[in-house]
Structure formats: C-alpha cells, structure tokens
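Contents: one structure, followed by commentary.
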Amino acid sequence: MKETPEGAEIPSHVLMIRAGLVGQVMAGAYSYLPLGLRSLKKAERIVREEMERAGAIEVLLPALTPISLWERTGRREAFGSVLINFKVRRQNREVHLALGPTHEEVITELIAHHVSSYRQLPLTLYQIQTKFRNEERPRFGVLRTSEFLMKDAYSFDTSVEALGRSYDKMYEAYCRIFDRCGLKYLPVEAESGPIGGDASHEFMVPSENGEDLVVVCDSCEYAANQERAETGERKTTKPEAEAKPLTKLDTPDARTIEQVCKTLKCKPHRMVKTLIYLADEKPVAILVRGDHEANEGKVRRVLEATTLELAPPETIEEVTGAPVGFAGPVGLKVPIIADHDVAAMANVVLGANEADKHYVNANIERDFKVERFADVRNATEGDPCPRCDKTLTMKAAIEVGHVFKLGTKYSDALSAKFLDAQEHQQTIIMGCYGIGINRILASLIETNHDDDGIIWPMALAPYEVLVVPLNVSQQPVMELAEKLHDELQAAGVEVLIDDRDARPGVKFKDADLIGIPLRIVVGQRGLDAGELELKWRHKSDAESIPIEGAVEELT
Ligand code: ATP
Ligand code: MG
Ligand code: MG
Ligand code: MG
C-alpha cells in the first residue's frame, strides 16, 4: 500500500498495514496476514524456547471462564468494563461467562486442585494464548488491541525466598528473549504489589510514541516507571486542616487538578489519569481511569504523599448500602471509583475520613469539577536520582513485558495451599510474568524503520532473504532466480521470491517496505557479468558477488 492508512498515527501502525503484515477488522482487532503471521510465530517461538530453557512448563487454559471465578477474587469489580463478560443460555439456564484478560484466577484454581505438598513445588507454568480486554481506547495498531496474544507465566513457591529465585529466572529469561528479538529494552522498577520492595519490573522499549514514561538515571543503573519513581529528596507532609463532618453536599467545592496537585506538591502530566476530588481540602475519593489494579500504585502514592486516611469502603457501604464501584485492595483504605463507572453512578457516595462522614447523593459531574488526563507523580526530568544523586532523565516507552511478585493474593482467595515438611498447611506464594507477543513486533518496528519501511532483524523477519528477478519474462533471469530460491531453501534459508511481473522500481520499493534483511537482485546485466547484487536492508550500499558459489557463500 502506498498511502498512509486512515487512522494510523504512528510508524509501526502505518508500516504494518502498508507492508501487509496485518489488516484491521475494527478498532482493536486485527487479522494477521501471511508475512505478519510468520513474524508473530517467530516471536512466539523465541518466547517459548526461553520459557522452556528457564524450566517453565507449557499449558493451555481456556479463554472462556465462569464469572464466579472473578467474583471470588474481587477482580470482576477491579477490572470493571475491561472484563468482557456476557450471559448465554444453556438448557433454559443462564450461564454468565467472562473472557480472560489474564489468567491468575484460572491457573490458581488449577493448582489448588493439583498441588497439595511442598514436594510438588517449585513450579512455573506458562501459556501463549489470546487475551481479551475491553480497552477503553484501543489504538496504535497492534500495540493496544482488545484481543492480543500474551505469554503469561505463573510461579508457585513455598517461601518468599523461593519466589525470589523463580522471579530471577523469569527476569533473566525476559532479558534473553528481548535480546534475541533485537529489541533495545530497559528493565525498570515498576509499581510493586503486596510484597513491596523490588517486586515488580517492566520491560520497556524506549520510543517516542510509547504510552508509558520512565525515568532513567544518567549515571547509575537506576530506571523506574515514572509512576513509581522516587527522588532523593521526597518528603511527605500531613495537612493541617481538621476533617469536617460531611453529611450532605449542599455547596459543591470543586477543585481543578492543578489545585489538587499544588496541595499535594506534585506535578500534573498528560500521560496520567488519576483524578482526585477535594472537599474541604480533603480528598474524598480518588477516581481512576481504566482498571483499578493498574492504578493501585497511583492511589497508594497519593495517600503516601498526603498521609490522609479515608473511610474504608466497608464503612461507606454500611452507611448507605449503595452499590458503589469500590475496589479496596487489602491495606488500601480508600474508595476508588473507576472512570467508566461514573456514567452509571448518578448518585455516588463519597467517603470522608471518619465513619458517618460522607457525601450522599453526590453527582460527580454536577458537584465536582472533572479534569481528565492529569495525575500526580513523583520523579521528573532533572530531579536527583534516589541512588546516586545525579540527574534523572525522562523517556517515553512501550511496555513489552512485566514480571510481578504476587505473594498470596490469589492463592488466599482461591485456597491454593500445600502441606510443608512438618505437615503444616501453608498458602502457596505466587509470581506472574507477562509478555505481549504482538507488542514485540510493533515495538520492534517502531524502533527499527526508516522512511522507506521496516528494517527487520534476522530473528523476527518474515523471511531472511528476498530474491528479486528484475524481469520475469527473461527466461535465464527467472531460471537463475528460481534456482537460487530452491537451493537457499534446501539449505534451510527462509527465502521469498518476488516473481511478480512488475517494474524493478516497484519491486525495490516493496522490498524496502517489507524490510526483509537481505535482497538478492538477479538481472540480465549481472547474469552476463556472472554476478549477483546483494543488498542488506540496514546498509545503504549494494555489493556484488559471483554467481558461482553464491549459495555456499550465503549459507
Ligand atoms: P498497559 O500498561 O500497556 O495497559 P498492562 O500493564 O495492562 O499494559 P499487563 O497486564 O502487565 O499489561 O500484561 C502483560 C503484557 O501484555 C504487557 O506488558 C503488554 O506487553 C501486553 N499487553 C497488555 N495489554 C495489551 C493490549 N491491550 N494489547 C496488546 N498487548 C497488551
Ligand atoms: Mg492495561
Ligand atoms: Mg502497564
Ligand atoms: Mg503491566
């Protein structure tokens, strides 16, 4: 395709469509065409090989799951509208199903059934399978889709120390995977869960079109997702004002996010999506965009920055019995309302910091000023590094992988236990590890292209060699091209031949667009001189080699 496809905003999206790797079915759903599928399979193979090398064992879980499973862990609410769920009828009975956006629940239940003794552990299982997420804003081609291929692995251990070993193995496997894929990546500290500390890392590919922001130290190894990054001089302050009883909302006290950020001594930024509603200088609720899980960290940070305590969700529910979209993670006593719930919540209850102190019948749009796409954050460009005090730099990046020490969140909820050597029952300690296979391709292209097209590394290229006969109607040219193709193929090279009856200029343009690493041109003039033209996609100049012995030379 010559033209930029409609709606494609970033190079990888444009190029994947123009080169015929994928075709859009609707926003967030793509078909993989032959070339794209070959590259996808290669990425998948690298991931699988490294999982096996790290001792993980492959399984395949269903995408269709019972909604009850998500209710048992509280994630039906936590995922909100991201969780695609629906009812079907079976023999006059209604069955409520959900399509898995990830598989902690399914795998933990599996383990609960099959593991009972410490002798069966440690164990790491993985799968490569389609995930479904009703992303609020699917975009950027296959970078953010509603249906995508994920490698998800889960580790099961008997102790926190053992979890550390499983985690390190996965971390190392991730480094090998992204190295083999030719990605320039950066492991960064990410928002960690209940285990805290150094318990989560994201693998980021720095790219100007990335949706995440990372801070990187110029001098030492420190790198973190900006959402979690700390600076050397961060302090927390407790607000002076006393809490007022808030029982009825008469005069709305709306604040802009800028004012909120000023109070909290933090900076608003385009990338972030946390909203805070203030009343009498107190946050009364924190509204987050997207899924709660992902925003737990942001919320926790806001609380740390203010040392405010808000009414626990239970209290609010006791007071009102109102169905409010609260997701209170353990230890995080704050009402959190998902952005997408707002429309459904005309009469919201907002908690104050004591029991019986609430706004009832609050109407968010009416009573509070809503500012979208603003947030609080810690470190930013130019801040001192928390490790070495040198300067931090900020980079936009694409998250391709994520490793996470889960602890017992799912094993507790779903009773995944084991008997230790003393016959005492204990809860299994888990970790989870995800890689977006489609994102490997998109982020590779996003960072490896020029004005003419994609520049594939050998490892992920749909084919390794492209043979281009200049004029298919010249029999000796075509014969030599086909002979080269067959001999290279027989030698195990992945080779494609452009046998279209098209002008050389057209073929060269398409060759550059598709970006196969090595192009071999067969023309009458070269044939007369006994030479072939070789051109590496990543180099600017072509070279000549003798036809005689060319295949041996190339393999
Ligand atoms: P993001 O922050 O970009 O929304 P996430 O943190 O929600 O991603 P995880 O739950 O950590 O994603 O899933 C593991 C991996 O799956 C991610 O690191 C990413 O590579 C991939 N992934 C997540 N969401 C999508 C999506 N909508 N489309 C394609 N790949 C995705
Ligand atoms: Mg997400
Ligand atoms: Mg993320
Ligand atoms: Mg993630």
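Only the coordinates and a few stated rules stand behind these numbers; no lab work does. Everything numeric here is computed off the predicted structure, so don't read it as measured data. Note that we place each Cβ from the backbone using ideal geometry, even for glycine, and neighbour counts take in every protein chain shown.
At-a-glance table
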| quantity | calculated |
| --- | --- |
| Residues whose placed amide H lies under 5 Å from that of E135, excluding near-sequence neighbours | none |
| Reference-scaled alpha-carbon Rg (2.2 N^0.38 Å with N residues) for the stretch 380-465 | 1.83 |
| Cβ-Cβ FRET estimate between K483 and E49, R0 fixed at 45 Å, reported to 0.05 | 0.85 |
| Around I10: net Lys/Arg minus Asp/Glu count, Cβ-Cβ under 10 Å | -2 |
| Net charge of neighbours whose Cβ lies under 14 Å from the Cβ of C181, counting Lys and Arg as +1 and Asp and Glu as -1 | +4 |
| Likely footprinting exposure, K87, K409, K509, fewest C-beta neighbours within 10 Å first | K87, K509, K409 |
| Ordering of 38-47, 388-397 by burial proxy (mean other Cβ atoms within 10 Å per residue, highest first) | 38-47, 388-397 |
| Directionally averaged shadow of the stretch 66-140, computed from the convex hull of its alpha-carbon atoms, nm² | 7.3 nm² |
| Local electrostatic count at A397 - Lys and Arg +1, Asp and Glu -1, tallied over other residues with Cβ under 9 Å | -3 |
| ³J(HN,Hα) computed for each position of the stretch 211-218 - Karplus, 6.51 cos²θ - 1.76 cosθ + 1.60, integer Hz, glycine/proline x | 8, 9, 10, 10, 9, 10, 7, 5 |
| FRET efficiency for D168 and D451, using Cβ-Cβ distance with R0 set to 56 Å, rounded to 0.05 | 0.85 |
| Sorted by Cβ density within 10 Å, fewest first, the residues Y171, Y463 | Y171, Y463 |
| Cα centroid of the stretch 413-475 to Cα centroid of the stretch 1-69, whole Å | 9 Å |
| Ranking of R439, R525, R76 by count of other Cβ atoms within 10 Å, fewest first | R525, R76, R439 |
| Cut-off 17 Å, label 7 Å out along Cα→Cβ of R176, residues of the stretch 55-82 by amide N | 55-58 |
